[in-house]
Amino acid sequence: MEAKKQGISIGSQHGFVNIQFHGLFQGLTDVDHPDSKYITTITGPDGSVMHIINDSKGGMDSYASRLRSAIDLVLMNNPRWPDVIHATADAQDNRRETALDETKTAELWAKSEPRYWVTVIISEFEGYRNVDFDLFHTEMSNEELSRLVVLGPGRSIDDVANWYTASVIEQTFSKAEVKQLHAYFSQWCSVRLKARRASPPTNDGIGYGAIPVGGGTDFYTFCEVPDYSLPFKVWGYFDLRHRG
């Protein structure tokens with residue numbers, strides 16, 4: 001009788017190996033090993049399968065060695081995996097890095113209603129004075145993004161949405177949104193709002209929402225503040241590293 005399965009996936013430069021651990025009640029297995037207690041099923045990307053039987057008397061060192069050997073064997077039997085994986089990754093990176101027709105996107109932004117970068121300045125925050133919070137949307141749909149870009153040949157909006165390019169667009173706001181932000185933050189005490197006209201996005205840009213934070217930088221989740229009333233969600237990026 002088999003108990004609930006547990007599994008992990010291990011990746012290497014040779015591909016992914018999925019490993020399932022099956023708990024077995026002693027003596028109730030179709031493998032000729034009466035003391036067996038666990039069976040490990042190793043499945044390679046090509047569907048090839050290997051099994052390891054681990055009895056209750058076997059030590060962990062022995063099991064670990066057998067598991068490693070089995071994984072190595074699965075990978076070695078598929079020598080072309082590295083080439084396929086690298087080719088796939090390179091193709092995906094190329095799609096993302098060329099997702100926009102930058103010239104036509106810049107032309108679109110030049111003739112469309114301007115978009116703006118918005119900064120909220122709070123006079124006192126965690127003991128620091130006049131802290132800047134660079135705002136960005138946290139949820140822009142593919143439909144919203146698609147209205148603001150011209151895609152390159154053969155590219156899709158997913159190539160934009162799943163790359164840093166989306167974060168560049170998400171940190172811009174329409175004129176109507178700027179007015180809503182101004183009305184909302186004017187209710188806060190000792191807060192100023194600054195808006196600047198934004199430049200069009202590029203394939204190699206990165207927005208605040210995609211920047212790793214820590215060590216003095218962080219995000220402030222304005223949309224989680226009680227009584228938040230804006231119809232769109234915004235966070236703010238701030239940097240305290242060089243503040244006295």
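The values are calculated or read from the model by the stated rules, or taken from the named source; none is laboratory data. Keep in mind the model is a prediction, meaning the values are calculated, not measured. Don't worry about glycine lacking a Cβ; one is built from the backbone with ideal geometry, like all the others, and counts go over all protein chains shown. Calculation scope for accessible area: heavy atoms of the full protein, side chains included, ligands and nucleic acids excluded. Shrake-Rupley method; radii C 1.70, N 1.55, O 1.52, S 1.80 Å.
Cross-link pairs exceeding 25 Å in C-alpha to C-alpha distance, out of K104/K175; K104/K194; K175/K233; K104/K233, comprise K104/K194; K104/K233. Relative to the 2.2 N^0.38 Å rule of thumb, region 176-240 has a C-alpha radius of gyration ratio of 1.27. So how far, in whole Å, is the C-alpha centre of region 204-244 from the one of region 138-187? Rounded to whole Å, the Cα centres lie 16 Å apart. The listed residues H182, H137, once ranked by accessible area (1.4 Å probe) with the largest placed first, stand as H182, H137. Surface calculation, 1.4 Å probe, protein heavy atoms: W188 sits at approximately 70 Å² accessible.
Accessible area ranking (1.4 Å probe, heavy atoms, ligands and nucleic acids excluded), largest first, for R192, R243: R192, R243. Highest mean packing comes first when the peptides 111-119, 212-220 are listed by Cβ atoms within 10 Å, giving 111-119, 212-220.
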